[in-house]
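Down below is the structure, laid out as structure tokens.
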Amino acid sequence: MARQSRRLISPLDPLLRWDGCISVESRHGAARGWRLPHDRIRLFGPDDLRHRAAMQAGVRVCFATDSDHIGGQLIVDSAADIAYVVDIVAAGVVHSCPVDAEGRFGIDGIADAGRQPADVEVWLPQFGLIWLAELYVDSDAVLAGAAPVAHPALVCYGSSITQCRGATSPTATWPARVARELSLDLRCLGFGGQCHLDPLIAHTIGDMAADIIVLCVGINIYAAGSFSARSLGPALMGFVSTIRERHPEAPIALMTPIIYPQGEKTPNQVGMTLEDVRDVITEAAHTMLEFGDSRLSLIAGPSIFRPADEYLLADGLHPSGAGYDLMAARLSPVLKDLLQ
């Protein structure tokens, strides 16, 4: 039976470690992780990008405890029609916790029989503007710092299809599933609608620890017409080259857009179809390979999410939860080979 007396923990407690983010912002005792540097966020330009960078995709709060109950409270954007879920990973087991109308979440009965302290990760919702107000454990539970991270670092950059709003929970996004499958330490830079090869993001990735980097580019570029057939290739090669300068040995996987039936042969405002965008990305990748970037790999998006998988598109563009599961299952062995 769960104990009734609880110990409240500030999200800013020094025993807690915030992983998957670059910086942590605090406000009135609550906290949230930023996936771009908060102290320099105005340098990154558009408000829409800043908005997405404040979302918690891949962000988790880590500590160790022997508590039988773990829970907490979020401060959520009440205007958003979102069914929030928090994942509590205790001793490697995922417990998905719906967030109630007051922002509360929790799980009972997770301590092992010997009540030995175990590492815990509290994965925050991957979409929406939320703050972590507090965590709590049993009043007599041990609270300690989590074990140091010992896994290679995975950095994923992309659009909403990398942020994965439609995944069933924070650990069910394809980047999180791949990281779990391959025992990698995730940094998710999926920014819905905002994957436009911004130069400072390339510099940010260059500044991160990164043992493997996945760049899923093209769908936002197609939708917004942010590059033309003339400008896309040079912009992409410049973006990758900036990252490569700081990570000379890391595998970089460049992935073209997955299928989007409505856009495959439909010209956008600069006259490019989605097929054209893929062709330019592919040509740029081949050029970089020809000029010596042997650690660069090209992944065809339609090989990861195929025309036959169209029924798993929730809205004709974004995969459903099952669709993201499928992407992870197909990407994991590809990325595993790149890590060899």
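So that you can scan it fast, the table gives a plain yes or no per residue for (1) in a loop (DSSP other than H, G, I, E, B); (2) under 13 Å from LEU189 (Cα atoms); (3) aliphatic (A, V, I, L, M):
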{"position": "ALA133", "(1), (2), (3)": "no, no, yes"}
{"position": "TYR136", "(1), (2), (3)": "no, no, no"}
{"position": "ASP140", "(1), (2), (3)": "yes, no, no"}
{"position": "ALA147", "(1), (2), (3)": "yes, no, yes"}
{"position": "HIS151", "(1), (2), (3)": "yes, no, no"}
{"position": "VAL155", "(1), (2), (3)": "no, yes, yes"}
{"position": "THR168", "(1), (2), (3)": "yes, no, no"}
{"position": "PRO175", "(1), (2), (3)": "no, yes, no"}
{"position": "VAL178", "(1), (2), (3)": "no, no, yes"}
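Taken together, the residues in the range 210-264 that are more than 16 Å from PRO199 (Cα to Cα) and of a type in the set (Phe, Trp, Tyr) amount to 2. Quick one: is GLY292 at positive phi and outside any strand (DSSP E or B)? Considered against the rule, which asks whether it is at positive phi and outside any strand (DSSP E or B), GLY292 comes out as yes. Working only within the range 304-334, note down all residues that are open to solvent by less than 60 Å² (accessible area, probe 1.4 Å), closer than 30 Å to GLU249 by Cβ and out of contact with any Ser or Thr (no Cβ under 9 Å at 6 or more places or on another chain). Answer for the range 304-334, where residues must be open to solvent by less than 60 Å² (accessible area, probe 1.4 Å), closer than 30 Å to GLU249 by Cβ and out of contact with any Ser or Thr (no Cβ under 9 Å at 6 or more places or on another chain): ILE304, PHE305, MET327, LEU331, SER332.
Among the residues of the range 255-271, not a single one is surrounded by 20 or more Cβ atoms within 10 Å (Cβ to Cβ) and part of a helix (DSSP H, G or I).
Restricting ASP68, ASP112, ASP47 to residues that are over 16 Å from the mean Cα position of the chain (by Cα), at pLDDT below 95 and closer than 30 Å to GLY206 by Cβ narrows the list to ASP47.
In summary, strands (runs of 3 or more DSSP E) completely within the range 64-105 and bearing 1 or more residues that are crowded, with 20+ Cβ neighbours inside 10 Å and either touching a residue at least 60 places away in the same chain (Cβ under 8 Å) or of a type in the set (Lys, Arg) (or both) occur at 69-76, 85-90. Restricting attention to the range 175-190 and to residues that are open to solvent by 10 Å² or more (accessible area, probe 1.4 Å) and among the aliphatic types (A, V, I, L, M), the residue that is farthest from ALA153 (Cα to Cα) turns out to be LEU182. Among the criteria (1) at negative phi; (2) open to solvent by less than 20 Å² (accessible area, probe 1.4 Å), the one LEU197 does not fulfil is (1).
The values are calculated or read from the model by the stated rules, or taken from the named source; none is laboratory data. As the structure is a computational prediction, the values presented were derived from the model and not from experiment. Ideal geometry is used to build each Cβ from the backbone, glycine not excepted, and the neighbour counts take in all protein chains shown. What goes into the accessible areas is simple: the full protein's heavy atoms, side chains included, and nothing from ligands, DNA or RNA. Shrake-Rupley method; radii C 1.70, N 1.55, O 1.52, S 1.80 Å.
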